[in-house]
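The values are calculated or read from the model by the stated rules, or taken from the named source; none is laboratory data. Bear in mind that the values here come from a model prediction, so they are computed numbers and not experimental data. Because the Cβ atoms are built from the backbone with ideal geometry, glycine has one as well, and the counts that use them run over all protein chains shown.
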Ligand code: PAF
């Protein structure tokens, strides 16, 4: 596995691969890798000749300086996981390399980002779109792989690709869960034992809500029941629970026939913010 640290190295590596007729899969990450990330690498490996993973804790997508400071960083352990999973090149740039000048361009994804993560983390999707656009331009992948745990992020990136005509395909891979249902996340490492013990409640609440959606319980009631269950656990501070259209991400008042529903939540456990979602095809 090649280690690349400069934008020029990444461009040269992927350009050479393209010219040799290789298909390039890009797996953008912020590191602290877990089985969910490795699944993205394996999916890319199955479909592409070159698998370029990137590890960059992107400062422009954090609206909370403490969250950025505490984000887990374990570059050596990450690199050791990537090669066996099929990664052929790892791009690990510095902040100065990715942002030689502070960016002034601002992305606005309209209604897609007026809800949930976009509403609760102002500027978050601007930062995600900025860094993902840079990576797409530098690596020019044929496919880019993202996890469905970040359902709204995937929707925003699909919009970005459509609006800016990036010539690549977005592949979204299912959320990987611990045995007790907790969605894998780099932030799980920061949970203390008590918070970790409480954390499976998030998925339990989503599973119960999904069952209600299938039974036709109105969205407002589903939301209220989920919020009440979360509020009952002293270690959990819910931020939002949403019952939304899976494509437009707009909150639902009623179910529309034939349209998938996404149930999303964000909650704080002992100072760690976690998100999760499940999709219900009705
Ligand atoms: O999902 C993430 O880890 C990040 O938001 C991404 C896509 C790597 C951009 O920094």
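Beta carbons closer than 9 Å, at least 6 apart along the sequence or on distinct chains, pair a first residue in the stretch 143-159 that is under 11 Å from residue 40 (Cα atoms) and in contact (Cβ under 8 Å) with a residue 12 or more places away in the chain with a second that is near the ligand (Cβ under 7 Å from one of its atoms) and in a strand (DSSP E or B) for 144/28; 145/28; 146/28.
The conditions of being at pLDDT 95 or above and within 10 Å of the ligand (Cβ to nearest atom) are met by residue 147. If you filter the stretch 120-143 down to residues that are under 19 Å from residue 33 (Cβ atoms) and near the ligand (Cβ under 9 Å from one of its atoms), you find that the one that is nearest to the chain's Cα centre (by Cα) is 128.
Of everything in the stretch 208-248, what is at positive phi and in contact with a strand residue (DSSP E or B) (Cβ under 7 Å, 6 or more places away or on another chain)? Give them in sequence order. Within the stretch 208-248, none qualify.
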